[in-house]
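Following: one structure in structure tokens, then a few remarks.
All of the numbers you see were taken from the coordinates with simple rules; none came from a lab. Here the structure is a predicted model, which is why all the values come from computation and not from measurement. Ideal geometry is used to build each Cβ from the backbone, glycine not excepted, and the neighbour counts take in all protein chains shown.
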Amino acid sequence: MSQAFDKLLDARGLNCPMPLVNARREIARIEIGQVLKVVASDRGSVADFQGWSKVAKNVELVGQETEPAEGGNVYVHYVKRTA
Amino acid sequence: MDTGAETSFARDAERLQALEEKTRELEKRLAQVEGQAPEDRVTLVIFSGDLDRVLAAFVIATGAAAMGEQVSMFFTFWGLSVLKKGKQLSGKTLFQQMMTVMSPGSSESLPVSKMNYFGVGAKMLRSMMKQKNVSSLEEMIALARELGVRMIACEMSRDVMGIHDSELVGGLECGGVASCLADALKSRTSLFI
């Protein structure tokens, strides 16, 4: 997928709740309207990022994808800062 | 003079006044309802001093804080062990001293709720978590602080168990049931762990 992004966060190897916590930290460092790409190996992060975007008023999940990688799948999330 | 028009004006003015009054009343009620609506807030009561339960509490706390919730954690009874930084025996009654000796002196010596086997189980769990690259309890406590999670030590249980302020880590608030409930009543989610 060719989803554009402004910043990349590598959360591979991290477990719950760290991908979410680090993404939250990074989203505060980008401008409103910009997109953060998060790459995680934690399977639970797929539902976690959906939940986050549902609850938080300042983020929108603009895309999610699963990519096969060495030693298991990689889960990619595109989060847009909206406020 | 056209009296018909005059009475019609008077009637309109009356109607307008009634409407204005109604609007004021509705605004007042709306403000009341808004005051009672829950906030983006999560309140956790940490009663347990078991490593596994406390870990769950901190995963929820840091996760909620990351999602933009305001998080308060109330530590009471065995949960106070999480906040300890050491043991001190002086200035305590015999029972309090006994309790101090038999309780963990810090988060690092918390037992697990099942299969503890005198601390071997807790060590095993910690090493298994490390293998899976899950943050340790101590890392999560530091993270919770960094994310602005409020930590409140229950004054009553601290006093009963004879835990001195000097035995607890810094940066804590102290409070009672009312401060806990004040937060819980405004929260969408409250958990007792």
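Our analysis of the protein assembly as shown gives Rg over Rh at 1.19, with the two radii drawn from alpha carbon positions and Rh computed by the Kirkwood formula. Extension gain, B:Ala10 to B:Asp40: 0.36 nm times the residue separation minus the Cα-Cα distance gives 5.9 nm. Relative to the longest principal axis of the Cα atoms of chain A, the long axis of helix A:45-55 makes an angle of roughly 20 degrees.
Quick check for you: which residues of region A:1-30 have the amide N under 17 Å from the point 7 Å beyond the Cα of A:Thr82 toward its beta carbon? Counting only backbone N, you get A:24, A:27-28.
Can you tell me how chain B classifies by the Cα gyration tensor, rounded, prolate or oblate, using a/c under 1.5 as the rounded cut? In terms of gyration-tensor shape, prolate.
With only Lys, Arg, Asp and Glu charged, each at its Cβ (+1 for the first two, -1 for the last two), find how big the charge dipole of region B:90-163 is about the Cα centre; round to the nearest 20 debye. Walk me through the intermediate numbers first.
Values: 9 positive and 6 negative charges, 53 e Å.
About 260 debye.
For the residues A:Val38, A:Val55, A:Val46, a GNM of chain A with alpha-carbon springs under 10 Å puts the largest fluctuation on A:Val55. Residues B:Cys174, A:Cys16, arranged from fewest to most other Cβ atoms within 10 angstrom of their Cβ, appear as B:Cys174, A:Cys16.
Look at where the Cα atoms of region A:28-63 and of region B:1-52 average out, and the two centres are 36 Å apart. Only one residue of B:Leu168, B:Ser90, B:Thr189 has its Cα farthest out toward the positive end of the dipole of the protein assembly as shown, where Lys and Arg carry +1 and Asp and Glu -1 on Cβ, and that residue is B:Ser90.
Could you please rank B:Asp40, B:Asp165, placing first whichever residue has the fewest other Cβ atoms within 10 Å of its Cβ? Show your work: numbers first, answer last.
Details: B:Asp40 16, B:Asp165 10.
If I rank by nearby Cβ atoms, fewest first, I get B:Asp165, B:Asp40.
Just flag the trypsin sites (Lys or Arg not before Pro) in region B:1-67 sitting in loop per DSSP whose Cβ has no more than 14 other Cβ atoms within 10 Å. Here no loop site has a sparse enough neighbourhood.
At a threshold of 8 angstrom on Cα-Cα distance, excluding pairs fewer than six apart, so keeping six or more, what relative contact order does chain A reach in percent?
Working: 160 pairs, mean separation 27.6, N = 83.
Reported relative contact order: 33 percent.
Modelled spin-label separation between B:Ala56 and A:Ala47, with each label point placed 7 Å from Cα along the Cα-to-Cβ direction: 1.5 nm. The angle between the Cα long axis of helix B:120-131 and the longest principal axis of the Cα atoms of chain B comes to about 60 degrees, rounded to the nearest 10.
The mean count of C-beta atoms from other chains within 10 Å of the C-beta of residues in A:16-23, rounded to a whole number, is 6.
How high is the relative contact order of chain B, in percent, counting Cα pairs under 8 Å that sit 6 or more residues apart? Walk me through the numbers on the way to the answer.
Values: 256 pairs, mean separation 61.0, N = 193.
Computed over chain B, the figure is 32 percent.
If only the Cβ of Lys and Arg carry +1 and only the Cβ of Asp and Glu carry -1, the dipole of region B:132-193 around its Cα centre is close to 360 debye.
Starting from 0.36 nm per residue, how many nanometres of slack lie between B:Phe95 and B:Ser127 once their C-alpha separation is accounted for? Can you show the working numbers first?
On the way: separation 32, 0.36 × 32 = 11.52 nm, distance 3.41 nm.
Fully extending the segment from B:Phe95 to B:Ser127 adds 8.1 nm.
Using just its DSSP H runs of length 4 or more, each adding -39500 (n - 2.57), chain B gives a mean residue ellipticity at 222 nm of -16000 deg cm²/dmol after division by all residues. Think of the protein assembly as shown as having a plus end and a minus end, set by charges on the Cβ of Lys, Arg, Asp and Glu; of B:Val101, A:Val39, B:Val134, B:Val101 sits farthest toward the positive end of this dipole.
Dipole size of chain B about its Cα centre, with +1 on Lys/Arg Cβ and -1 on Asp/Glu Cβ: approximately 1280 debye, rounded to the nearest 20. Compared with the dominant principal axis of the Cα atoms in chain B, helix B:3-36 is inclined by about 0°.
Positive end of the dipole of chain B (Cβ unit charges, origin at the Cα centre): among B:Met67, B:Leu143, B:Val177, the Cα lying farthest that way belongs to B:Leu143.
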